[in-house]
Amino acid sequence: MQNKYKVKKISLKTKYLEVYWQDKHVSKYHFLWLRDNCPTAFHKDTRMRSFNILSVTKKIRPIKYNFSSKNININWSENNHHSTYDLKWLRDNCYIEINSKSYSSPYTLWNKKKISNIKTLTFDYKKIISDEKIFLKWLNTLYSFGITIVSNAPTEKKSAFKILDLIGQYRETFFKTPFEVINIPKPNNQAYTADALVNHTDLPYYEYVPGYQFLHCLINEAEGGSSTAVDGFAVADFFKKNYLKKFKLLTNNDVVFKDNDYTQKNIRIQKSPIIKTNKNNDIEEVRINLGAMGTLDINPKIMNNFYEAYTLFYKQLHSKKFQIEFKLKTGDIFCFDNRRILHGRKKFDPNSGNRHLQGYYIERDEIKSKLNYLIKVKF
Ligand SMILES: [Fe+2]
């Protein structure tokens with residue numbers, strides 16, 4: 001096989017350098033891009049970019065260049081600067097190749113059939129904290145499926161901080177960290193009752209909704225109180241494939257989420273679509289919470305159609321096809337992507353035994369950046 005990291009020929013064009021590789025691929029590297037990415041553009045200790053693009057003009061060009069088996073060398077027309085580029089780095093960052101690749105989602109969508117047993121997504125606490133390979137496997141699963149259970153964790157209050165600290169920073173909210181999921185008199189949230197909770201994502205009235213949620217089960221001896229979970233991305237994808245017009249109603253229109261519970265001197269209001277997509281039209285967020293829904297104020301011409309789309313979507317989010325149900329055990333930590341996975345619980349009988357969970361939030365950024373670090377991602 002011809003070496004993709006070996007150069008056959010270089011040709012100087014008006015605005016870029018054309019590089020012919022031995023595997024017959026041809027790259028184009030624009031002068032400004034090359035100068036901007038000279039290895040000296042980055043501080044050796046901070047690893048931050050220190051080169052300022054304003055220190056050169058748009059007329060900058062190579063006045064001398066050559067290549068070897070390992071590098072391309074350039075003498076620039078400005079500031080008497082010389083650059084040496086590693087061939088492997090150049091080829092790996094060829095933006096013709098990068099842009100020719102089609103988008104592939106990092107997520108594995110699931111329904112009840114796919115996760116027939118939650119044990120397939122369950123990881124042992126001690127193994128996670130003592131074995132980096134298991135830690136990586138757990139984080140990968142959490143990122144891909146959006147849901148895992150960590151079992152056999154300690155059951156002391158606040159002890160789940162340890163596993164969050166392994167990943168990164170936790171996200172603080174007005175519920176404080178950890179927040180207590182226990183039935184209390186005069187509750188300020190439905191979670192603090194013994195009532196059933198329909199499937200929802202938390203805190204939809206924040207502009208930036210917390211990424212992952214970790215629910216640490218300290219005790220669960222009450223009758224009832226099973227947990228439910230649904231992959232909101234899988235349901236949204238099903239909706240996109242089968243009810244495209246309704247899907248677009250949910251991506252193109254804002255609903256109102258609000259919180260004005262009696263304990264706060266804040267009134268939180270946020271308008272957002274229920275489903276958000278990225279530039280590749282892939283689903284990147286599902287935000288839905290019955291208790292936090294404000295009053296719809298969308299265009300009257302589409303109000304009825306919107307309600308039809310919203311109710312059908314909401315129905316699917318509770319369907320037997322998509323929803324899984326399981327009972328958390330003492331020492332379980334139920335971890336899920338709060339901007340993707342809806343969670344809920346069945347009602348429980350507070351007179352039959354104690355039920356106490358402690359909750360934490362941690363951003364997607366923390367999970368992704370730890371994964372990048374562990375797999376030594378190239379960038
Ligand atoms: Fe919740």
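A few points about this structure:
- Condition met for K241 (surrounded by fewer than 20 Cβ atoms within 10 Å (Cβ to Cβ), within 20 Å of Y107 (Cα to Cα) and without any contact (Cβ under 8 Å) to a residue 60 or more places away in the chain): yes
- Residue satisfying all of: in the stretch 326-375; among the hydroxyl-bearing types (S, T, Y) and more than 16 Å from the ligand (Cβ to nearest atom); farthest from K126 (Cα to Cα) among these: S352
- Complete set of residues in the stretch 278-317 that are under 19 Å from D202 (Cα atoms), touching an Asp or Glu at 6+ places or on another chain (Cβ under 9 Å) and of a type in the set (S, T, N, Q): N289
- Counting only strands (runs of 3 or more DSSP E) that fall entirely inside the stretch 224-313 and contain at least 1 residues that are farther than 23 Å from G146 by Cβ and in the same structural domain as T330 (by TED's automatic domain parsing), the qualifying elements are 255-259, 268-272.
- If you filter the stretch 181-218 down to residues that are surrounded by fewer than 16 Cβ atoms within 10 Å (Cβ to Cβ) and in contact (Cβ under 8 Å) with a residue 40 or more places away in the chain, you find that the one that is nearest to the ligand (Cβ to nearest atom) is Q190.
- Positions within the stretch 147-180 being among the β-branched types (V, I, T) and assigned to a helix (DSSP H, G or I), in sequence order: I163, I167
The values are calculated or read from the model by the stated rules, or taken from the named source; none is laboratory data. What you see is a predicted model; the values in this text were computed from it and never measured. All Cβ positions, glycine included, derive from the backbone under ideal geometry; neighbour counts span all protein chains shown.
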